[in-house]
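Rule-based calculations on the coordinates, nothing more; no lab input. What you see is a predicted model, and the numbers here were worked out from it, not measured in a lab.
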């Protein structure tokens, strides 16, 4: 099970606060695009409302993904597919 927060892809926050991809790629991010990417790589997932621990005052989405893939590998795949 892999957990991804929408903050990982938020261009408005720094890497220190949790962004995991380049700011340039993060500008193209939306939750709908992430769902399309997860569907395109045939991963089962569930979306939940959550709060990311480094920014607890900001509402967020949490994507719980079922699959045999490393989190870092999945984040790299998502970054490549964000055009």
Structure-based [θ]222 nm, the chain - -39500 (n - 2.57) summed over DSSP H runs of at least 4, per residue, nearest 500: -8000 deg cm²/dmol
Fully extended contour minus Cα-Cα distance, from residue 27 to residue 47, at 0.36 nm per residue: 5.1 nm
Along each principal axis, Cα extent of the chain, largest first, Å: 31, 25, 21
